[in-house]
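J.: A single structure is presented below for examination.
The values are calculated or read from the model by the stated rules, or taken from the named source; none is laboratory data. Note that this is a predicted model, so its numbers are computed, not measured. Counting neighbours? That spans all protein chains shown, and the Cβs are built from the backbone with ideal geometry, glycine included.
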Amino acid sequence: MAAAPAASVMDAATPDTFPRLLLQHARLRGDAPAMREKDLGIWQGWTWAQVADEVAAMASGLAELGFRRGDRLAIVGDNRPRLYWAMCAAQILGGVPVPLYQDAVAQEMVFVLHDAEIRIAIVEDQEQVDKLLEVRGQCPALQHILYDDPRGLRHYTQSFLHGLDEVLAMGRIHNENQPDFIAGEIARGSPDDVSIMLYTSGTTGKPKGVCQTHRAFIAAARGGMQVDHLAADGNILSYLPMAWVGDHLFSYAQAMVAGFTVNCPESGETVLIDMREIGPSYYFAPPRVFENLLTQVMIRMEDAGRIKRSMFHFFMAVARRCGAEILDGKPVAATDRLLYWLGNLLVFGPLRNVLGMSRIRVAYTAGAAIGPDLFKFYRSIGVNLKQFYGQTETCAAVCLQPDSQIKFDSVGPPMPEVDVKIAQSGEILVRGPMLLKEYYKRPDATAESIDAEGYFHTGDAGFFDADGHLKIIDRAKDVGKLAGGAMFAPNYLENKLKFFPHIKEAVCFGHDRDMVCAFINIDMGAVGNWAERRGIPYAGYTDLAGKPEVYGLIQECIEEVNAALAADAMVADTQIHRFLVLHKELDPDDDELTRTRKVRRGFVAEKYAVLVDALYSGKPSQFIETLVRFEDGRTGKVGADLAIRDLKVFPAVRDAA
Amino acid sequence: MRQIGDVILDLRNISLAFGGVKALTDISFDVREHEIRAIIGPNGAGKSSMLNVINGVYRPQHGEIIFRGEHRHGMNTHMAAASGIARTFQNIALFKGMSVLDNLMAGRNLKMKCNFIQHALWWGPARREELAHRARVEEVIDFLEIEHIRKTPVGRLPYGLQKRVELARALAAEPEILLLDEPMAGMNVEEKQDMCRFILDVNDQLGTTIVLIEHDMGVVMDISDRVVVLDYGRKIGDGVPDDVKNNPEVIAAYLGTQH
């Protein structure tokens, strides 16, 4: 009832802030499911009316703790309903939620806690509480820590620790005494208030807090909805880090605008099972997730019986031939259509079911380039997989592939209301309502990235193809030159390498050098299975990575890439001449990858300088010992004698047919 | 806060022999409510035999067992289980072909009241009963963080997880005393840390009294309240970890001779 006055105020126009959107859903379709979470083996649900009630209680509870307009609220944890509600609760009070990556170690959190001057933090469980307690000394501003799951916290007696249950109870009392409080706070909000601060992953330098307004995120959400007709009857499984812009767009902004149901998995390890149970209609995953799924399917198919295996391969060949065309509504021969129908019955349908993709209307991927085979695989079995392009600074909404105009190597035309142009240097510039307001406390960085005309400099290099679809080549600053003058786009090469299931990560070197060399990380699952089937014994990652047979396998993969590169005059000179297989996996805990798993090229080159030198000095092998950091913060050493191999290089083919 | 209570299980002058082999000779010790009691000793010292005496697998020739003030001379396994003593085994004893969930439901078998026919029909009281038990089992699953393997057949799980499932199965019976036979044998450091945390959590949050046999001295000294030391079937030490650590006889027999 507290909502009534505010509701009448906003009848005039469509809601323009997230709290107003929540109120509208609660009012117009209060009984529709807003959120689900699997708890103790059973899916528990909340309707929009219930969510509005919980959020109101949380907001008042926060206000009681001293949360004020303009304050920032840190949110740390896996995707839990109450953590999403905390975002809205902070927004009601005119505050700014700041989600942090939940798998970051304590020391990594210090920077953000400091930078955003966090006074109140809402965290998921004991693990996160412990991390914040560890760094509390370094963050004097931190006054209150609220936790969602009380398990294991009974003996924590600190007075600044509060269970969310207590805070909610406090908030409910507050709302009974002051029934107009929440409505009043919501009425004070403006669409141009900052609605969220997301920290950039920091491939370069310190992370920056990107301030986005309600208006920007709502515009971004509407743009995507228009292109893909997202509706209120949909379901989405929210399992990607809440601190990532993609999750915020999909699980928060679009869910609030479109009003579909957000489902939180039981735990990070049950995502696949939960996905099968929910059968989401919208699905969103970075390419590596699709890749892992495909790798698992392939491994299981290799282990399957002969009949199943040959059936799978036969119908997959049919799907490769005509599956994507059928999905795009293009003309296909009647026999192929019939075969595909049969395949759908026998293979694709059951496979989609196993993957939890039976009810998918649209699946998205973004964040990195996706391999053509991988992309085509999903489309050919009838999953409408699309790519889009965007970054934290643009609410992840710049370009999106519309239905039936799907190309694996482009990211589609600009979204509605978005203006994209290519600078002289090849850099992609973007303008539109979804642009960031500013970098938090960094006017220098804001001025640097948004020019006088209001274009945001993405730092990516790309161009438009003949159909007006944007093609991304690489990070603009990563594109270098070989000593011979040829263009060298390391990401482009690495992506080509990573399309092989056996290669998990690759790092290419070549800027200012006379040839290109590469570090390879094998994929433990795929290569392990490959080795087992060949009866090659191995003791662990380091041992497996050093096997001559594995080197042979990787060599074949890279030479295949070289052959493909030779066919394209633009990149023929960047064929890979020498490579080695790293003895340890590149890991964000060792600072080699960002939390979003992008390679920190400069850092890797520095850390493994000995290996880079060995690659270019023609040595046949090189010893290296590396410090590794375990999850609990301890460190250990991994050492190995790494072999280095030369690769076959192909003569460039001009005007390839 | 957990508070150690009165003696719940008292073992007096227990002697057990298999033919001419004396497995246990005149052993007495007690277990207090809510404590973690460790039994340590070299191989063949009689540790597992001791556990088997407690839960009635073996009947000692001499001595008596007093459980909650009741004298039990001839304890058998069924009585032990019914009176709230659950255990795990040194070599895992689960139904390998059944899912984790089914194994845990089996752990609640003793608490089910309906008969076979009712369960087969799964109607009325039997159905309500199963739902109630399933809810309890789900709490255990949540407690030990094994949601992701709920429906996986136990035989397909790695060893460390099977050990955790076994602990879960024992916990599903809601025991008062939990007997753990080398819960950490064959685990790597990380798995051991997890297991320690789970044992401490069980003890702390559920108040379960725990008797455990363990070889890892670090673990024993860290988590137990009191330790009994056996050697060749005799008791050579008993007390808090620090006392046991400094007991010369224990050092000689087990921890290594001092130089």
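J.: Which residues, counting only those in the range B:21-51, are out of contact with any strand residue (DSSP E or B) (no Cβ under 8 Å at 6 or more places or on another chain) and surrounded by 24 or more Cβ atoms within 10 Å (Cβ to Cβ)?
T.: If the condition is that a residue be out of contact with any strand residue (DSSP E or B) (no Cβ under 8 Å at 6 or more places or on another chain) and surrounded by 24 or more Cβ atoms within 10 Å (Cβ to Cβ), then no residue fits.
J.: Going by the conditions given, is B:LEU200 within 12 Å of chain A (Cβ to nearest Cβ), at pLDDT 90 or above, under 17 Å from the mean Cα position of the chain (by Cα) and within 24 Å of B:PRO158 (Cβ to Cβ)?
T.: Answer is yes for this residue.
J.: Looking at the structure I just gave you, is B:THR208 in contact (Cβ under 8 Å) with a residue 12 or more places away in the chain and surrounded by fewer than 21 Cβ atoms within 10 Å (Cβ to Cβ)?
T.: So B:THR208 does not fit the description; no.
J.: Determine which single condition B:PRO125 fails, assuming it passes every other condition in (1) at pLDDT below 90; (2) within 14 Å of chain A (Cβ to nearest Cβ).
T.: (2)
J.: Give just the number: which of (1) at pLDDT 90 or above; (2) assigned to a helix (DSSP H, G or I); (3) within 17 Å of A:LEU240 (Cα to Cα) does A:MET256 not satisfy?
T.: The one condition A:MET256 does not meet is (3).
J.: State which residue is surrounded by the fewest Cβ atoms within 10 Å (Cβ to Cβ) when the search covers only the range A:360-388 and only residues that are under 18 Å from the mean Cα position of the chain (by Cα) and among the aliphatic types (A, V, I, L, M).
T.: A:ALA368
J.: If we keep just the residues of the range A:104-113 that are surrounded by fewer than 23 Cβ atoms within 10 Å (Cβ to Cβ) and at pLDDT 90 or above, which is nearest to A:GLN212 (Cα to Cα)?
T.: Step by step, filter the range A:104-113, then rank; the result is A:PHE111.
J.: To continue, here is another question. Kindly provide the set of residues from the range B:143-153 that are more than 10 Å from every other protein chain (Cβ to nearest Cβ) and within 20 Å of B:VAL202 (Cβ to Cβ), ordered by number.
T.: The answer is B:LEU144, and nothing else.
J.: Continuing with this model, one more query. Identify the residue in the range B:205-248 that is part of a helix (DSSP H, G or I) and within 14 Å of chain A (Cβ to nearest Cβ) and, among all such residues, is farthest from B:ASN13 (Cα to Cα).
T.: Here the residue is B:GLN205.
J.: Looking at (1) buried (at least 19 other Cβ atoms within 10 Å of the Cβ); (2) among the charged types (D, E, K, R); (3) within 14 Å of chain A (Cβ to nearest Cβ), which one does B:GLU182 not meet, given that it meets all the others?
T.: Among (1) buried (at least 19 other Cβ atoms within 10 Å of the Cβ); (2) among the charged types (D, E, K, R); (3) within 14 Å of chain A (Cβ to nearest Cβ), the lone unmet condition for B:GLU182 is (3).
J.: I need the full set of residues from the range B:169-191 which are modelled with pLDDT of 90 or more, charged (D, E, K, R) and part of a helix (DSSP H, G or I), in order please.
T.: Within the range B:169-191, just B:ARG169 meets the criteria.
J.: Do we have any residue at all in the range B:147-158 that's over 28 Å from B:VAL211 (Cα atoms), touching a helix residue (DSSP H, G or I) at 6+ places or on another chain (Cβ under 9 Å) and free of Cβ contacts under 8 Å to residues at least 24 places away in the same chain?
T.: Within the range B:147-158 (the criterion being over 28 Å from B:VAL211 (Cα atoms), touching a helix residue (DSSP H, G or I) at 6+ places or on another chain (Cβ under 9 Å) and free of Cβ contacts under 8 Å to residues at least 24 places away in the same chain), the answer is yes, since at least one residue qualifies.
J.: Could I ask something else about it? Condition check: free of Cβ contacts under 8 Å to residues at least 24 places away in the same chain, of a type in the set (D, E, K, R) and either in a strand (DSSP E or B) or buried (at least 21 other Cβ atoms within 10 Å of the Cβ) (or both). Does A:ASP474 satisfy that?
T.: yes
J.: Related question: Please note which strands (runs of 3 or more DSSP E) are completely contained in the range A:31-135 and include at least 3 residues that are in contact (Cβ under 8 Å) with a residue 60 or more places away in the chain and within 22 Å of the chain's Cα centre (by Cα).
T.: In the range A:31-135, the matching strands (runs of 3 or more DSSP E) lie at A:33-39, A:96-100.
J.: List the strands (runs of 3 or more DSSP E) inside the range B:1-111, counting only whole elements, that have at least 3 residues being touching a residue at least 60 places away in the same chain (Cβ under 8 Å) and within 14 Å of the chain's Cα centre (by Cα).
T.: B:36-40, B:85-88
J.: Give the residue, chosen from A:LEU249, A:LEU198, A:LEU240, A:LEU272, that is out of contact with any Leu (no Cβ under 7 Å at 6 or more places or on another chain), assigned to a loop (DSSP other than H, G, I, E, B) and not charged (D, E, K, R).
T.: Among A:LEU249, A:LEU198, A:LEU240, A:LEU272, only A:LEU240 is out of contact with any Leu (no Cβ under 7 Å at 6 or more places or on another chain), assigned to a loop (DSSP other than H, G, I, E, B) and not charged (D, E, K, R).
J.: From the set of residues in the range A:403-461 that are among the β-branched types (Val, Ile, Thr) and within 25 Å of A:TYR199 (Cβ to Cβ), which is surrounded by the fewest Cβ atoms within 10 Å (Cβ to Cβ)?
T.: A:THR446
J.: So, one more: Those residues that are touching a strand residue (DSSP E or B) at 6+ places or on another chain (Cβ under 8 Å) and either among the hydroxyl-bearing types (Ser, Thr, Tyr) or part of a loop (DSSP other than H, G, I, E, B) (or both), I need them from the range A:164-195; list them, please.
T.: A:PRO191, A:ASP192, A:ASP193, A:SER195
J.: Please verify whether the range A:297-311 includes one or more residues that are in contact with a strand residue (DSSP E or B) (Cβ under 6 Å, 6 or more places away or on another chain) and hydroxyl-bearing (Ser, Thr, Tyr).
T.: No - not one qualifying residue is present in the range A:297-311.
J.: Kindly indicate which of B:GLN3, B:GLN90 is under 27 Å from B:MET195 (Cα atoms), within 14 Å of chain A (Cβ to nearest Cβ) and polar (S, T, N, Q).
T.: B:GLN3
A quick yes/no check of all residues on (1) at pLDDT below 90; (2) crowded, with 17+ Cβ neighbours inside 10 Å; (3) under 22 Å from A:ARG475 (Cα atoms); (4) acidic (Asp, Glu):
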{"residue": "A:ALA572", "(1), (2), (3), (4)": "yes, yes, yes, no"}
{"residue": "A:HIS577", "(1), (2), (3), (4)": "no, yes, no, no"}
{"residue": "A:LEU582", "(1), (2), (3), (4)": "no, yes, no, no"}
{"residue": "A:ARG600", "(1), (2), (3), (4)": "yes, yes, yes, no"}
{"residue": "A:LYS637", "(1), (2), (3), (4)": "yes, no, no, no"}
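J.: Additional query: Would the range B:129-142 turn up any residue that is within 13 Å of another protein chain (Cβ to nearest Cβ), more than 18 Å from B:MET112 (Cα to Cα) and surrounded by fewer than 19 Cβ atoms within 10 Å (Cβ to Cβ)?
T.: Yes, because at least one residue in the range B:129-142 is within 13 Å of another protein chain (Cβ to nearest Cβ), more than 18 Å from B:MET112 (Cα to Cα) and surrounded by fewer than 19 Cβ atoms within 10 Å (Cβ to Cβ).
J.: Could you please give the count of residues in the range B:174-226 that are of a type in the set (Lys, Arg) and within 19 Å of B:SER48 (Cα to Cα)?
T.: Qualifying residue count for the region: 1.
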